[in-house]
Each structure stands twice: as C-alpha cells, then as structure tokens.
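Sharing a structure below in structure tokens format, with a few things to ask.
The values are calculated or read from the model by the stated rules, or taken from the named source; none is laboratory data. Please read these numbers as outputs of a predicted model, since none were measured by experiment. Glycine gets a Cβ as well: all are built from the backbone with ideal geometry, and neighbour counts include every protein chain shown.
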Amino acid sequence: MEITSHQTTDPIPVSVMALHGELDASNYLDVIDHVRKLYAQGARQLVIDLSDVSFLSSSGLVALHSAALLMRGDEPPNPDLGWSAFHAIASDVEEEGFETCCTLVNPQPRVRKSLEMTGFSAFLHIYNDIDSAVDAFTTAS
C-alpha cells in the first residue's frame, strides 16, 4: 500500500489522501497513522481517494472509520480490541448519520460494494471526483 497526500487551498484547505493498492490487515494501521499525522499538522477536513484501491478488508473499514473519527477530533477505538472496533463502526453508521469531516472519492466497484454492504455509504459521503468532494466541504462551511 502506498499512501500519498496533499492539501488543496482553493477555495478552502482540504487534505487529500490517496491510497494505492489493497487496504487490509497488513497496512490499515499505516493509514490510521498517516491520518493522525495529517490531523496533528492541522488538517480538519479529509478526502480519501480510493480510485486505486483494489480490495478493502474489514481492517480497511476500521481504518476508514478511524480516519473519520480522527478528523472530528475523537480518538478511535483501539483496533487491537477486535470486535469493539466493529461495534463502534456499527454504532456510528446507525446513529450518527453522515460524517462531515471526512469523505471518500471514486471507489472501484468491488470496494464500493463493500462500502454499501456494510453501511459505510450512509456514514461517509462518496463522490465521483476530488473536486466534487472538496466543493462539498465548501458548501457545508
């Protein structure tokens, strides 16, 4: 998994993190660490580009959920605690509604299906392109 990121400044500052490869148990903690660093550097709005993610495991879902929590200033559940992380995801998906600090962009069909089957498409907005995702933060401000 390769992780790259940059920040847009027009019309507002938004961090864009692109993931390349498979998002699974071998690298999901790297994604969480990367988001943690972005937040420490001042990022408060994050677009996660999934265009080049070919597979998303349950650990990948934990990483996406953790990214959203970090962007809203919350500490995610410890992923080492196993099922408690999944219960936290289920709670957010069912009770919180759409996350306002983190969005997803252009998941491949296989990844989109995983997001829809698990309810993530009701928790994180999914856009077709980065410009639309960034614009959504502008209109929400």
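For the range 1-59, enumerate the residues that are in a helix (DSSP H, G or I) and aromatic (Phe, Trp, Tyr).
Pass one, the range 1-59, residues in a helix (DSSP H, G or I): 28-40, 58-59.
Hits for the range 1-59 are 28, 39.
Right, another one. Take the conditions at pLDDT below 85, of a type outside the set (A, V, I, L, M, F, W, C), buried (at least 18 other Cβ atoms within 10 Å of the Cβ) and assigned to a helix (DSSP H, G or I) and apply them to residue 80. Does it pass?
On the way: at pLDDT below 85: yes; of a type outside the set (A, V, I, L, M, F, W, C): yes; buried (at least 18 other Cβ atoms within 10 Å of the Cβ): no; assigned to a helix (DSSP H, G or I): yes.
Judged against the criteria, residue 80 is not a match.
Further, regarding this structure: Quickly run through the range 12-29 and pick out the residues that are farther than 28 Å from residue 138 by Cα and either surrounded by fewer than 15 Cβ atoms within 10 Å (Cβ to Cβ) or among the hydrophobic types (A, V, I, L, M, F, W, C) (or both).
First, the residues of the range 12-29 that are farther than 28 Å from residue 138 by Cα: 21-29.
Scanning the range 12-29 gives 21, 23, 25, 26, 29.
Within the range 92-124, can you find the residues that are assigned to a loop (DSSP other than H, G, I, E, B) and either over 16 Å from residue 66 (Cα atoms) or at pLDDT 95 or above (or both)? It would help to see each step written out before you state the result.
First, pick out the residues of the range 92-124 that are assigned to a loop (DSSP other than H, G, I, E, B): 96-101, 106-108, 118-119, 123-124.
Of everything in the range 92-124, those that are assigned to a loop (DSSP other than H, G, I, E, B) and either over 16 Å from residue 66 (Cα atoms) or at pLDDT 95 or above (or both) turn out to be 106, 107, 108.
Only one residue in 114, 121, 132 is of a type in the set (Gly, Ala, Ser), surrounded by 14 or more Cβ atoms within 10 Å (Cβ to Cβ), in contact with a Leu (Cβ under 7 Å, 6 or more places away or on another chain) and without any contact (Cβ under 8 Å) to a residue 40 or more places away in the chain, so which one is that?
Residue meeting the stated conditions: 121.
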